[in-house]
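Chemist: Supplied in structure tokens, the structure appears directly below.
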Amino acid sequence: MAAVEVALAGHVRSRAGFVTEAASHLMEAGGKRFRPLLVLLAAETGDRPDSDDVVTAACVVELTHLASLYHDDVMDEADLRRGAETAHARWGNLVAILTGDFLFSKSSELTAELGADAVRIQAQTFTRLVEGQILETVAPGPDEDPLAHYLDVVAGKTGSLIATSARYGARFGGASREVEEALTAYGEIVGSAFQLSDDILDIASESDESGKTPGTDLREGVPTLPVLMARAAADPADARLVELLDGDLADDSRHAEALDLLRKHPAMEQARAYVVARAQEAKDQLAAVPPGPVRDALEAFADVVASRTA
Ligand code: FPP
Ligand code: MG
């Protein structure tokens, strides 16, 4: 991870000082480096976990993720990320969007170093990621289950890149094709669970824990897992909550009241239990990995996702 960190700092550099400043802003603000960590961990299942390509792949996925965050904060009109001012809040939308594009271009340049197959995988991953993000802005069809629609969004916008992190790690670390496929399936589920726990934290946590403004999804009208579960419960006692959710949550007092009602709602526990079940499902994919410290770490990684508090 130290090698990845050094490499990342180099990859966000531009010949223009201001571009370097904008592109390194979110990376220096912190972040969990969840995706590169998974690349490195997955690489341990192979016979060359220390290969330079593993570090390159770890940078590819983190830079892609970073790029998407610059754009995401514009879409969400978020002011805070990783405890720092977001790029659009500091420099405006134009700089934020183009910095996202710059980081994505850097990620693409690096992917080319990994060969044509990696480029194809990265392109397919990015298609899914953007599709998921677009679908989040579209209401489910009349015959579509809102929860199924949402899980499809989550698999696209977050599951895809985390699945590819696991795939790249296994592939460039020299694992067998069987292990690569198993780890990709594991990554897809862990990734979705990671996003769903993020949704729970959006409601449950305070900004000093998450580094973000609580209730952002709610304010933006994104119907995340706890909200969908609360709505599906259709309990008459929830009339006020449903009224608030159906109305304008850009209003500060309505937003605070909805957040308060949701925090106390049994749907929060139901959502947490769902995430724990998904983490178990992810661990069930690991049968192809021989028992030992690497499999233990991958299992622990899935558990951390289910119980994360930041
Ligand atoms: C976070 O969701 C957002 C994503 C996982 C993906 C966003 C993807 C895009 C905006 C497309 C990017 C396009 C280019 C060209 C780089 P969230 O808002 O639920 O999570 P948060 O709580 O971290 O904001
Ligand atoms: Mg967001």
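The values are calculated or read from the model by the stated rules, or taken from the named source; none is laboratory data. Remember, predicted model here, so these are calculated numbers, not experimental data. As a convention, Cβ positions derive from the backbone with ideal geometry for all residues, glycine included, and neighbour counts pool all protein chains shown. Only protein heavy atoms, including side chains, enter the accessible area calculation; ligands, DNA and RNA are left aside. Shrake-Rupley method; radii C 1.70, N 1.55, O 1.52, S 1.80 Å.
Chemist: Based on the Kirkwood radius over alpha-carbon pairs, what is the Stokes-Einstein translational diffusion coefficient of the range 118-165 at 25 °C with 0.890 mPa s viscosity, in µm²/s? Let's see the in-between values first.
Modeler: Numbers: Rh = 11.0 Å.
The estimated diffusion coefficient comes to 224 µm²/s.
Chemist: While we're on this one: List the lysines whose Cα lies under 23 Å from the Cα of Lys264, skipping any in the same chain that are fewer than 8 positions away.
Modeler: Leaving aside lysines fewer than 8 places away in the same chain, those within reach of Lys264 are Lys212.
Chemist: Then there's this: For the range 65-111 and the range 282-308, what is the separation of their C-alpha centers, rounded to whole Å?
Modeler: Result: 31 Å between the Cα centres.
Chemist: Take the alpha carbon atoms of the range 116-171, find their center, do the same for the range 226-272, and report the distance between the two centers in whole angstrom.
Modeler: Each part reduced to its Cα centre gives a spacing of 27 Å.
Chemist: Scan around Arg81 for amide H atoms under 5 Å from its own, H built in the peptide plane at 1.01 Å from N, and keep only partners 5 or more places away or cross-chain.
Modeler: Residues meeting the amide H criterion: Thr86.
Chemist: Next question, about the same structure. Which of the listed residues, Ala148, His71, Thr184, is farthest toward the dipole's positive end in the chain, when Lys, Arg count +1 and Asp, Glu count -1 at the beta-carbon?
Modeler: Thr184
Chemist: Any chance you could list P(r) for the range 107-221, counting all Cα-Cα pairs in 10 angstrom bins from zero, rounded to whole %?
Modeler: In whole percents, the pair-distance histogram is 14, 35, 32, 17, 2.
Chemist: Then there is this: Using per-residue counts of other Cβ atoms within 10 Å, averaged over each peptide, order 4-10, 277-283, 187-193 from highest down.
Modeler: Top of the packing list down: 187-193, 277-283, 4-10.
Chemist: Which ³J(HN,Hα) values in Hz, rounded to whole numbers, follow from the phi angles of the range 217-231 under the Karplus curve 6.51 cos²θ - 1.76 cosθ + 1.60, where θ = phi - 60° and Gly and Pro get x?
Modeler: Per residue, the Karplus-derived 3J(HN,Hα) values read 4, 4, 4, 7, x, 7, x, 7, 3, x, 5, 5, 6, 5, 5 Hz.
Chemist: Same structure again: Sorted by packing (mean other beta-carbon atoms within 10 Å per residue), highest first, where do 68-77, 90-99 land?
Modeler: Sorting 68-77, 90-99 by mean packing, highest first, produces 68-77, 90-99.
Chemist: Once the dipole of the range 149-243 is set up with Lys and Arg at +1 and Asp and Glu at -1 on Cβ about the Cα centre, which of Gly169, Ala232, Ser197 lies farthest towards its positive end?
Modeler: Working it through, the farthest residue towards the positive pole turns out to be Gly169.
Chemist: Please turn the phi angles of the range 111-119 into ³J(HN,Hα) values with the Karplus equation 6.51 cos²θ - 1.76 cosθ + 1.60 (θ = phi - 60°), one per residue in order, whole Hz, x for glycine and proline.
Modeler: Computed from phi, the couplings for the range 111-119 are 4, 4, 5, 8, x, 4, 4, 5, 5 Hz.
Chemist: Can you tell me the convex hull volume per residue for the range 151-310, based on C-alpha atoms, in Å³ to the nearest whole number?
Modeler: For the range 151-310, the hull spanned by Cα atoms encloses 112 Å³ per residue.
Chemist: What size of dipole, in debye to the nearest 20, comes out for the chain about its Cα centre when the only charges are +1 on Lys and Arg C-beta atoms and -1 on Asp and Glu C-beta atoms? Kindly include the intermediate steps, with their values, before the conclusion.
Modeler: Values: 28 positive and 52 negative charges, 160 e Å.
Roughly 760 debye, rounded to the nearest 20.
Chemist: List, in order, the whole-Hz ³J(HN,Hα) value for each residue of the range 135-140 obtained from phi through the Karplus relation with A = 6.51, B = -1.76, C = 1.60 and θ = phi - 60°; use x for Gly and Pro.
Modeler: Rounded to whole hertz, the list is 4, 4, 8, 10, 6, x.
Chemist: Report in % the part of the accessible area of the range 132-186 that belongs to carbon and sulfur, leaving out ligands and nucleic acids; probe 1.4 Å.
Modeler: 58 percent
Chemist: Given contacts defined as C-alpha pairs under 8 Å and at least six residues apart, what's the relative contact order of the chain, whole-number percent?
Modeler: 19 percent.
Chemist: Counting pairwise Cα distances across the chain, what percent come out greater than 29 angstrom? Show your work: numbers first, answer last.
Modeler: Values: 17317 of 47895 pairs.
The share of Cα pairs beyond 29 Å in the chain comes to 36 percent.
Chemist: Select from Thr137, Thr127, Leu114 the residue farthest towards the positive end of the dipole of the range 1-143; place +1 on Cβ of Lys and Arg, -1 on Cβ of Asp and Glu, and compute about the Cα centre.
Modeler: Value computed over the given set: Leu114.
Chemist: Here is a further query. Using a cut-off of 25 Å between alpha-carbon atoms, which lysines can reach Lys283, once sequence neighbours fewer than 8 places away in the same chain are excluded?
Modeler: Candidates past the 8-residue exclusion: Lys32, Lys157.
Chemist: Hey, can you rank 247-253, 226-232, 38-44 by average C-beta count inside 10 Å, highest first?
Modeler: Final packing ranking: 38-44, 226-232, 247-253.
Chemist: Is there a quick way to get the dipole size of the range 191-310? I mean about its Cα centre, with the Cβ of Lys and Arg at +1 and of Asp and Glu at -1; what is the value in debye to the nearest 20?
Modeler: That gives the range 191-310 a dipole magnitude of about 380 debye.
Chemist: Dipole magnitude of the range 47-189 about its Cα centre, charges +1 at Lys/Arg Cβ and -1 at Asp/Glu Cβ only, in debye to the nearest 20?
Modeler: 320 debye
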